[in-house]
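Data first, discussion second: the structure below is written as structure tokens.
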Amino acid sequence: MKPILLQGHERSITQIKYNREGDLLFSVAKDTVANAWYSVNGERLGTYNGHTGAVWCVDCDWDTKNVLTGSADNSCRLWDCETGKQLALLNTSSAVRTCGFDFSGNIIMFSTDKQMGYQCYLNFFDLRDPQQIEDNNPYLSVPCNESKITSAVWGPLGEFVIAGHENGEISQFSAKSGEVLKKVKEHTKQINDIQSSVDLTMVITASKDNSAKLFDSNSLENIKAFRTERPVNSAAISPIKDHVVMGGGQEAMDVTTTSTRIGKFEARFFHAAYEEEFGRVKGHFGPINCVAFHPDGKSYSSGGEDGYVRIHYFDPQYFDFELEA
């Protein structure tokens, strides 16, 4: 399993995202640039330039027309995927932490941080209405008074957004009314990442409390739990196998020079049904900040604190592997 190394960022990676077909991989980092790569050979297609602060999040719509990025420069930007042209600029009062297109690609959501005296808000824009973009006036803006949103994804059918909070709660916000439909607290610490399964029926959360958990998207019922001995920064669900990949490590500021030798920074593979760890992949010189499975399940990528994105194509043995229960 020889990785393809993508060198396109000078600072640590904050998020990576495949498009729906999986031919492109988008990466954003703390260095203001968003990159688009060919996932098959790691060739860089181009960059989306314009942000003036760390870029926290990236998303791509279903037909790979538009790319959405949210940044610490207090803006959320919409780009033309093919040309890299900036189509829209939405200014906010604090950093944009999460962003996402719903399944239709018509509605975007993004959440802003609670900082500098500003509240955390979850904003919804309809891209079919140019007036909303021009006036920077979302059709729905939901304040989150209790605990700020640290990660969020769209639920099935674009009816609600599933958000993870700083206090470990997960809630569903209706995209029509903005009300909280459901709320559960299965984690004890901050939720670093939420990703959905390929059919959107399940989500996996990665938390600072050293665990990742699998939830039903509609009922928010906790189905499975995967435990490790260090914080989990990101987790992803395989589209073809009952596998989960997790990346983590200590906080970036706690990393010592010796810990890379011991190999603390592996991506770890768990069986989704048995909750058993069955493999690890070394590679990054620092904590893994985000992981993502290719939509065809034949490869996965990880982005690290070291500023590299690594694409790993699985060996044939991986597909024949069965865990003995």
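The values are calculated or read from the model by the stated rules, or taken from the named source; none is laboratory data. Bear in mind the structure is a predicted one, so any value in this text is a computation, not a measurement. Cβ placement follows ideal geometry from the backbone for every residue including glycine, while neighbour counts extend to all protein chains displayed. Only protein heavy atoms, including side chains, enter the accessible area calculation; ligands, DNA and RNA are left aside. Shrake-Rupley method; radii C 1.70, N 1.55, O 1.52, S 1.80 Å.
How about the range 82-108: which of its residues are within 18 Å of Arg20 (Cα to Cα) and in contact (Cβ under 8 Å) with a residue 60 or more places away in the chain?
Result: Gly100, Asp102, Phe103, Ile107.
Which ones in the range 275-291 are touching a Lys or Arg at 6+ places or on another chain (Cβ under 9 Å), more than 20 Å from Gly307 (Cα to Cα) and assigned to a loop (DSSP other than H, G, I, E, B)?
Listed by number, the list holds a single entry, Glu275.
Filter the range 44-63 down to residues that are open to solvent by 30 Å² or more (accessible area, probe 1.4 Å) and in contact with a strand residue (DSSP E or B) (Cβ under 7 Å, 6 or more places away or on another chain) and give me whichever is nearest to Ser12 (Cα to Cα).
Here the residue is Trp56.
Taking the range 160-175 as the search range and keeping residues that are in contact with a Leu (Cβ under 9 Å, 6 or more places away or on another chain) and without any contact (Cβ under 8 Å) to a residue 60 or more places away in the chain, which one is surrounded by the fewest Cβ atoms within 10 Å (Cβ to Cβ)?
Across the range 160-175, the extreme among qualifying residues is Ser174.
So, of the residues in the range 176-216 that are outside any strand (DSSP E or B) and in contact (Cβ under 8 Å) with a residue 60 or more places away in the chain, which turns out to be surrounded by the fewest Cβ atoms within 10 Å (Cβ to Cβ)?
Here the answer is Val198.
Which ones in the range 311-325 are modelled with pLDDT under 90 and of a type in the set (Phe, Trp, Tyr)?
Within the range 311-325, Tyr318, Phe319, Phe321 meet the criteria.
When both residues are 6+ apart or on different chains and their Cβ atoms are under 8 Å apart, which pairs have a first residue that lies in the range 303-325 and is closer than 15 Å to Thr14 by Cβ, and a second that is assigned to a helix (DSSP H, G or I)?
Glu305/Ala252
Would you be able to say whether some residue in the range 286-295 is loosely packed, with under 15 Cβ neighbours inside 10 Å and either touching a residue at least 24 places away in the same chain (Cβ under 8 Å) or within 17 Å of Ala235 (Cβ to Cβ) (or both)?
no
Every residue in the range 113-159 that is outside any strand (DSSP E or B), open to solvent by less than 20 Å² (accessible area, probe 1.4 Å) and under 22 Å from Asp73 (Cα atoms), please.
Once the filter is applied, which keeps residues that are outside any strand (DSSP E or B), open to solvent by less than 20 Å² (accessible area, probe 1.4 Å) and under 22 Å from Asp73 (Cα atoms), the range 113-159 yields Asp113, Ser147.
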